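In what follows, a structure is listed as structure tokens, so that the remarks can point back to it.
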Amino acid sequence: MRNINLYQMNRRQFIIIGTATAGIALASHQIFQRIKSDQFPVIKTNDSLDSQKLIVSKNGLLETTLEANYQTINLGGNNAYLLTYNRQIPGPRLEARLGDKVRIHFVNNLSQPTNLHYHGLHIPPTGKGDNVFLHIKPKEKITYEFDISPNQSPGIAWYHPHLHELTAEQVSGGLAGLFVIRGQLDEIPEIKAAKEEFLVLQDFALDDEGNLFPSNQMPLMMGREGNIITVNGQINPSFSISKNGLLRLRILNASSSRFYQLFLESHPFYLIANDGASLEKPVELSELLLTPGERVELLIKGDQIPGQYVLRSLPYNRGSMGMMGGMGRMMGNRSGHFSNNQKPIILATINYNSSVNLINLPTQLIPISSLPGPQKVRRFELNHGMFPGMGMAFLINGEPYQENYIQTQVTVNTVEDWELINTGVMDHPFHVHINKFQILSRNGIPEPYKTWKDTVLVRRGETVRIRIAFKDFIGKTAYHCHILDHEDLGMMGNLEIKSS
Amino acid sequence: MLKSFSQLILPIIVGLAVVGMIGTVYLTQTTGEQKTVNNLANSTILASNWDSINESYNGNKEMTVYRSPSCGCCGLWVEHAEKHGFKIKDIKTDDMASIKQKYQITSDLESCHTAIIDGYVMEGHIPADDIKQFLTEKPNMIGLSVPGMPLGTPGMEAGEKKQPFAVFAFNKTGAIEVFQEYQNY
């Protein structure tokens, strides 16, 4: 009798807290109110800066201020309380050319530390470059300064926070922007004649009040996905294509975990670039899977009956455990397109407009030379499991990320083959900072075409072999899973590129 | 009088429970070939609060667990259930989808492993004490579920990371109610 009473006390004390009927509906807006409270007043900013959606280099210099703020954003007619760069979703698009100098005055108006990662740029990983080990404290200002290398492949790069353990929270809150490098591909006549559109795909997990769900209520093991899906900060925006013309869609997946299986009604895709690097010739695809961090460039032919065509994301199963479960009840179903990835999601609508003279597809793009054979071969096994002292964690070669430990050491100006092996039950997009790689094979089957990548999907059960050259820059950088919750939970390694 | 006595000795009991658990080490391999790593010199030893028994139970203890062979956290949950006295028939299968279908576990209730006891479905990382309470009550339901894989649940312990979660009860008409909720634990 006494025992039972004790156990009930124990339970009450340690287990049941909260009302019995409330479920897990938590007042996340209070958390938001707290994090943007009086301690962190909204700093008065330059209005002209806030309205600038495009910032282009002038006379060889790209100079701007970027401020990370809490900001109210109108998403589909409702207010959402998000994290923004210069009060915009997505952040302003930066554009530079090879050889340009870049100077970014960064201000952290968040209540937590942050930093910037220049995903896809081939710049030094240290100092004021792509230094993901910087902790920029609240209210702190810092100037990033680097040159766009002549060895940079022109195309789509992007910037986002990369502070380990806060990356997913900050990126899924909205912090992301395009960083476009103009170059050779833009000068091919057919591509120059095509209508260019940028699409930044972001999803936000919002409650009925428009507040972000706190991280600890999100399905972190699977990687959080949002219930509101936006393209350029809009729900189902429209783009136009000219009859007989070409539309060039330049797409970034800036979501922290969501995969997009892209499909456009009646129109095949002609893939011309991956992760900010051109292919050798267009590749025709009926659908295309875009995982977090990846970028693609697609040409669309305006050769159908004029009308409206919907760009969708089709269902894709990136893990077999239904781990999004429960979110339907936890999150307000405001938009009506709560995402469980079991139904197609409307991303955008393409409308035909007036006819132009026929533009053909380009036949040749930019040649890609093969990398020489590797000096070294390494294996990276991706999975999750228990680790002593940490408990459940995401692991590379059985180890979670440890900040003060160099997991992989390579020599600058050498070539290596990396075998990426997924022995787990979820797909993992693997990203290497600073240097791009070529995909050699998947499960021993050679890739059908040559391509440069910096993020590659390794499906569950799959082995992907990549070849990477560590060019130009020395210093400590990182590789990790681009499902950013997996990165934050340990699926990351430090990569030291040492001098020869 | 009994109640005040309980309140007094509660901290002592908790203290004992913590000391008792320090002897336990979790070293579980996710897959057969994965090496066990123990290069963290002074790694903290993990223990789980879930293993202390707070619910008495005299009913049937024979439980069948279906799980993927590669699911490490499922194995840890099996160990948790065993520590509470359940006798586990551990069935490893690659076709979990048909198990979920057979036992009417909808996608929003799904987790990794599925356990069956007394004709009830126990889906995911449910604390064993809740299963005991449910089986004692024998409600007219299909069973219980902790959807997804919240960090901190039994078999999903992750140091200080403890996500709030609920144990849901569900019935044949698709109705779902909160059986137990864990905000802080």
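The values are calculated or read from the model by the stated rules, or taken from the named source; none is laboratory data. Only a predicted model underlies this, so the values are computations on that prediction, with no experimental measurement involved. Glycine also receives a Cβ, built like all others from the backbone with ideal geometry; neighbour counts cover every protein chain displayed. Just the protein is used for accessible areas: all its heavy atoms, side chains included, with ligands, DNA and RNA removed. Shrake-Rupley method; radii C 1.70, N 1.55, O 1.52, S 1.80 Å.
General observations
- Residue that is nearest to B:GLU55 (Cα to Cα), among those in region B:146-172 that are among the small types (Gly, Ala, Ser) and facing chain A (nearest Cβ under 8 Å): B:ALA166
- Pairs meeting the criteria (first residue in region B:94-110 and within 14 Å of B:ARG67 (Cβ to Cβ), second residue in a helix (DSSP H, G or I), beta carbons under 9 Å, at least 6 apart or on different chains) are B:LYS100/B:SER107; B:LYS100/B:LEU109; B:ILE105/B:ILE99; B:GLU110/B:MET96; B:GLU110/B:LYS100.
- Condition check for A:HIS160: open to solvent by less than 10 Å² (accessible area, probe 1.4 Å) and closer than 24 Å to A:ILE366 by Cα: no
- Considering only residues in region B:128-145 that are touching a His at 6+ places or on another chain (Cβ under 9 Å) and either free of Cβ contacts under 8 Å to residues at least 12 places away in the same chain or more than 8 Å from chain A (Cβ to nearest Cβ) (or both), the one that is farthest from B:ASN184 (Cα to Cα) turns out to be B:LYS132.
- Considering region B:47-60, the residues that are modelled with pLDDT under 90 and open to solvent by 30 Å² or more (accessible area, probe 1.4 Å) include one that is farthest from the chain's Cα centre (by Cα), namely B:ALA47.
- Of all residues in region A:372-425, those that are under 27 Å from the mean Cα position of the chain (by Cα) and surrounded by fewer than 17 Cβ atoms within 10 Å (Cβ to Cβ) total 10.
- Residues being under 14 Å from A:TYR479 (Cβ atoms) and charged (D, E, K, R) - total across region A:402-416: 1
- Tallying residues that are within 14 Å of another protein chain (Cβ to nearest Cβ) and of a type in the set (A, V, I, L, M, F, W, C) within region A:352-401 yields 10.
- Strands (runs of 3 or more DSSP E) fully within region A:208-259 counting 2 or more residues that are open to solvent by less than 10 Å² (accessible area, probe 1.4 Å): A:228-231, A:246-253
- Across region A:221-243, the qualifying residues are those that are of a type in the set (D, E, K, R) and within 14 Å of chain B (Cβ to nearest Cβ), and the one among them that is farthest from A:GLY385 (Cα to Cα) is A:GLU225.
- 1 or more residues buried (at least 24 other Cβ atoms within 10 Å of the Cβ): qualifying strands (runs of 3 or more DSSP E) within region B:118-185: B:120-124, B:143-146, B:165-170
- Among all residues of region B:135-150, there is none that is closer than 22 Å to A:ASN216 by Cα and among the acidic types (Asp, Glu).
- Any hit, region A:294-305, residues being closer than 30 Å to A:ASP485 by Cα, in a loop (DSSP other than H, G, I, E, B), away from chain B (no Cβ under 14 Å) and modelled with pLDDT of 95 or more: yes
- From A:GLY120, A:GLY177, residue being under 18 Å from A:ILE251 (Cα atoms) and open to solvent by 10 Å² or more (accessible area, probe 1.4 Å): A:GLY120
- Within region A:260-278, the set of residues being touching a helix residue (DSSP H, G or I) at 6+ places or on another chain (Cβ under 8 Å) and open to solvent by 10 Å² or more (accessible area, probe 1.4 Å) comprises A:SER278 only.
- Sub-7 Å Cβ pairs linking a first residue in region A:200-220 that is within 14 Å of chain B (Cβ to nearest Cβ) to a second residue that is basic (Lys, Arg) and crowded, with 23+ Cβ neighbours inside 10 Å, at least 6 apart or interchain, are A:ALA205/A:ARG224; A:MET218/A:ARG224, ordered by first then second residue.
- Of all the residues in region B:89-115, those that are under 13 Å from the mean Cα position of the chain (by Cα) and more than 14 Å from chain A (Cβ to nearest Cβ) number 1.
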